[in-house]
Amino acid sequence: MSREIFTVGSQTVIGMVHCLPLPTTAGFDGDYQKILDHAVQDAKTLEAAGVDAVIVENMGDTPFSALLNKTQVAALAAATMQVKNAVNIPVGVDAAFNDCEANLAIAAITGASFIRVPVFVDTVVFTDGIINPCAKKCMEMRKALGKEDIKILADVQVKHAHMLLPYISIEQSAKEAAENGADGIIVTGTQIGEETPIDLIQRVKKVVKVPVYAGSGVKAGNIKEQLQIADGAIIGSSLKEGGILSNPISYDLVKEVLDGLNA
């Protein structure tokens, strides 16, 4: 790692490696090897274009459940291992929609540097029901694995979900996430590709000392403004042709976004 990327003011750019549908999910087409090849190629493209880190996520597994089944865990672990062996930048894991135990197990065995946990301290409703917070389980498992060096990036009031208690402010969610052990806070819009509101980033930055990341809608036209406030960005759909998540990462689009930051 050439520089510390999980720090305040680091302007870290993390690219998403969206796995194709994993075995047993509705969209799986029967081609196991294609899942691995697609993930590795996307990771290599992201690294070559200049991102600081990548996250491997089972984004193709719609409709999501909160937890992965055993087959999905095995497949996501295999994809993460392949990516880890293919690139020289930090690799993270996101077992969507919110399987923190799978996240940590995969990160531990593959040597991944960090995980993303969408529902860390909030209680939310999504398409498959209610998801309860997992901060206690997550912190205890990380300790039990002897892997306290694995960073936890926690979303607050995450996209594609609705707060069960809508009167809880984003400031309260952010403070509780940091107090419960999150190494970084992720703020998003309400859905994939929707720009993270600047005012939400500012509000979260005011109440926590850990890095804050813009987690949706970052693109060439807004990355400079976003990272004048946020400490980093997690970018996926804007790096794909047409914003189609199953498309491969476009080197040119990644460069365009990074050039926007340095303009």
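In a shell of Cβ-Cβ distance under 13 Å around residue 207, excluding residue 207 itself, what net charge do Lys and Arg (+1) and Asp and Glu (-1) give?
+2
Over the chain, what per residue volume does the convex hull of the Cα atoms give, in whole Å³?
110
Nearest 0.05, what FRET efficiency do residue 125 and residue 252 give at R0 = 30 Å with Cβ-Cβ as r?
After rounding, the FRET efficiency stands at 0.20.
If R₀ is 35 angstrom, what is the calculated FRET efficiency for the pair residue 137 and residue 194, using the beta carbon separation as r and rounding to 0.05?
So the FRET efficiency works out to roughly 0.75.
Assuming R0 = 35 Å, what is the FRET efficiency of residue 145 and residue 8, from their Cβ-Cβ distance, to the nearest 0.05?
Between residue 145 and residue 8 the formula returns 0.85.
Just 90, 118, 63 to compare: in a GNM of the chain, with alpha carbon springs under 10 Å, which one fluctuates most?
63
Holding the Cα-Cα limit at 31 Å, pick out from 44/70; 34/205; 137/206; 159/224; 44/206; 136/205 the pairs that are longer than that.
34/205; 44/206
Picking from 30, 102, 253, whose Cα lies most toward the positive end of the charge dipole for the chain (charges on Cβ: Lys, Arg +1; Asp, Glu -1)?
102
Leaving ligands, DNA and RNA out of it, rank 167, 251, 32, 213 by accessible area with a 1.4 Å probe, largest first.
My answer, sorted largest first, is 167, 32, 251, 213.
Given a 10 angstrom Cα cut-off, can you work out which residue in 112, 144, 79 is the most mobile in a GNM of the chain?
144
Towards the positive end of the charge dipole of region 199-258, with charges on Cβ (+1 Lys, Arg; -1 Asp, Glu), say which of 210, 223, 200 has the farthest Cα.
Positive-most Cα among the choices belongs to 210.
Taking the Cα centre as origin and putting +1 on Lys and Arg beta-carbons and -1 on Asp and Glu beta-carbons, what dipole magnitude results for the chain, to the nearest 20 debye?
Value, rounded to 20: 480 debye.
Rounded to the nearest 20 Debye, what is the dipole magnitude of region 121-263 about its Cα centre when Lys and Arg each give +1 and Asp and Glu each give -1 at the C-beta?
Magnitude of the dipole: close to 340 debye.
May I ask you to compute the full-extension gain from residue 67 to residue 24, defined as 0.36 nm times their residue separation minus their alpha-carbon distance, rounded to one decimal in nm?
Contour length minus the Cα-Cα distance gives 14.1 nm.
Tell me the label-point distance for the pair residue 241, residue 48, using the 7 Å Cα-to-Cβ offset, in nm and rounded to one decimal.
Reported label-point gap for residue 241 and residue 48 is 1.5 nm.
For the modelled label position 7 Å from the Cα of residue 263 along Cα-to-Cβ, which residues of region 10-26 have backbone nitrogen atoms closer than 19 Å?
Residues 11-14 qualify, since their backbone N sits under 19 Å from the label point.
Given the options 116, 203, 142, state which has the largest fluctuation in a GNM of the chain using a 10 Å cut-off (strictly under) for Cα springs.
Looking only at 116, 203, 142, the largest GNM fluctuation is found for 203.
The values are calculated or read from the model by the stated rules, or taken from the named source; none is laboratory data. Here the structure is a predicted model, which means the values were calculated and not measured. Positions of Cβ are backbone-derived with ideal geometry, glycine not excepted, and every protein chain shown enters the neighbour counts. Only protein heavy atoms, including side chains, enter the accessible area calculation; ligands, DNA and RNA are left aside. Shrake-Rupley method; radii C 1.70, N 1.55, O 1.52, S 1.80 Å.
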